[in-house]
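Written below as structure tokens is the structure these notes are about.
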Amino acid sequence: MTMVEVVQLLLSPTHRYMGRPADGPAAAHEDDLVEAVTVRRNLGIVGDRYFGHPAHRRAAVTLMAVENLPTDINATVDLRQTRRNVLLRGVDIDAYVGSTVSLDSGSGPVLLAVNSAARPCAWMNTTIGDGAQRALRGKGGVRCTPLSDGVLTLGAAAFTTQVMDSQESPG
């Protein structure tokens, strides 16, 4: 077990990055950053734009390490620009593709199958600044399937991991 910090949580009920990056994102909601999120097994984060969408089951929850934010490009970058759901401090989450991880911020563990890298797109250059897409290659976070119900809150959290058996792999 490793102690980490849940730095930010993003609950985004609508898509902001549609069309071409040159057209700019849709207006942000002031309440996108929240203090807690409710996670549902195989569905995602309650109230999020990807909640319950079968096409997004393997990417229903996204995690990113605060250490990987390109603050040299934009000192104020956060989850509102990267559109990931959970920002963690103290763990290289990108190294856990193919694992099952557990985050427990005090209400019990939330299990997540870390399925793939969340590759940065051209929108990163628009929302963060020139060079952000390149700076985030290989460290843009991960896409996960929730394997249990639970609640994540800001602050200290216990982080554990195990390598997924091929028969455990979410479908």
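The values are calculated or read from the model by the stated rules, or taken from the named source; none is laboratory data. This is a predicted model, so every value here is computed, not measured. Surface areas here come from the heavy atoms of the whole protein model, side chains and all, with no ligands, DNA or RNA. Shrake-Rupley method; radii C 1.70, N 1.55, O 1.52, S 1.80 Å.
Give me the 1.4 Å probe accessible area per residue for segment 100-159, excluding ligands and nucleic acids, in Å². Don't skip to the end; give the middle numbers.
Values: 2250 Å² over 60 residues.
Per residue, segment 100-159 has 38 Å² of solvent-accessible surface.
Test of understanding: what is the full-extension gain from residue 76 to residue 119, defined as 0.36 nm times their sequence separation minus their Cα-Cα distance?
Extra length available between residue 76 and residue 119 comes to 13.4 nm.
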